[in-house]
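Peer 1: The structure's right below; bear with me while I get my questions together.
Values in this text are rule-based calculations from the coordinates and carry no lab data. Quick caveat, the model's predicted, so the values are computed rather than measured. We place every Cβ from the backbone using ideal geometry, glycine too, and count neighbours over all the protein chains shown.
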Amino acid sequence: ILGFSTPPGRLSMMAFILNALTCALGLLYFIRRGKQCLDFTVTVHFFHLLGCWVYNSRFPATLTWWLVHVVCTALMAAIGEYLCMRIELREIPLSSAPKSNV
């Protein structure tokens, strides 16, 4: 169903890309480490490949399927790592004043 020539194919590809973007936010909230984003992303997409293989009873062989998933893997890893690195590189507040909860 993935393809550029039909509206359902384009809609499916857009859904995969939006899923990659939302999963990048998931990396930010669940993984929180920039170094682990690529590992988690490749693992998730590998399990998706296995699930597609089992569900369809054949290995995915279409070029568009592979292109969409390579792009989604790259987007998810790059955006997730960027977001995690922004959190990791925040300044640590070093105030010596005592806190009072009055």
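Peer 1: For the chain, what relative contact order do you get, as a whole percent, if you take Cα pairs closer than 8 Å and at least 6 residues apart?
Peer 2: Working: 76 pairs, mean separation 39.0, N = 102.
Relative contact order comes out at 38 percent.
Peer 1: Assuming a viscosity of 1.306 mPa s and a temperature of 10 °C, what translational diffusion coefficient in µm² per second does Stokes-Einstein assign to the chain, Rh being the Kirkwood radius over Cα pairs?
Peer 2: Estimated diffusion coefficient is 101 µm²/s.
Peer 1: Count the net charge of all other residues whose Cβ sits under 13 Å from the Cβ of PHE40, scoring Lys and Arg as +1 and Asp and Glu as -1.
Peer 2: Once positives and negatives cancel, what remains is +1.
Peer 1: ILE31: net charge of surrounding residues, Cβ under 10 Å, Lys/Arg +1, Asp/Glu -1, itself excluded?
Peer 2: Values: positive: ARG32, ARG33, LYS35; negative: ASP39, GLU81.
Net local charge, ILE31 excluded: +1.
Peer 1: Still on this structure, I have one more. Can you tell me how much longer the chain between ARG58 and PHE30 gets when fully stretched, taken as 0.36 nm per residue apart minus their C-alpha distance, in nm with one decimal?
Peer 2: Values: separation 28, 0.36 × 28 = 10.08 nm, distance 3.23 nm.
Answer, rounded to one decimal: 6.8 nm.
Peer 1: Shifting gears a bit: Quickly work out the PHE4-to-LEU89 label distance, labels modelled 7 Å from Cα along the C-beta direction, and quote it in nm with one decimal.
Peer 2: Those two pseudo-labels are separated by 3.4 nm.
Peer 1: Hey, another quick one. Work out the charge dipole of the chain with +1 on the Cβ of Lys and Arg and -1 on the Cβ of Asp and Glu about the Cα centre, then indicate which of PRO7, VAL42, LEU89 is farthest towards its positive end.
Peer 2: So the residue furthest toward the plus end is LEU89.
Peer 1: To continue, here is another question. Report Rg/Rh for segment 32-75, rounded to two decimals, where Rg is the Cα radius of gyration and Rh the Kirkwood radius.
Peer 2: Here the Rg-to-Rh quotient is 1.05.
Peer 1: For helix 37-56, what angle does its Cα long axis make with the longest principal axis of the chain, in degrees from 0 to 90 and rounded to 10?
Peer 2: The angle comes out at about 30 degrees.
Peer 1: To the nearest 10 degrees, how steep is helix 63-88 against the longest Cα principal axis of the chain, on a 0 to 90 scale?
Peer 2: The angle comes out near 0 degrees.
Peer 1: Just to confirm the number: angle between the C-alpha axis of helix 7-26 and the first principal axis of the chain, 0 to 90 degrees, nearest 10?
Peer 2: In the chain, helix 7-26 runs at an angle near 20 degrees to the longest axis.
Peer 1: While we're looking at this one, here's another question. Tell me the label-point distance for the pair TRP66, SER12, using the 7 Å Cα-to-Cβ offset, in nm and rounded to one decimal.
Peer 2: Here the modelled spin labels are 1.7 nm apart.
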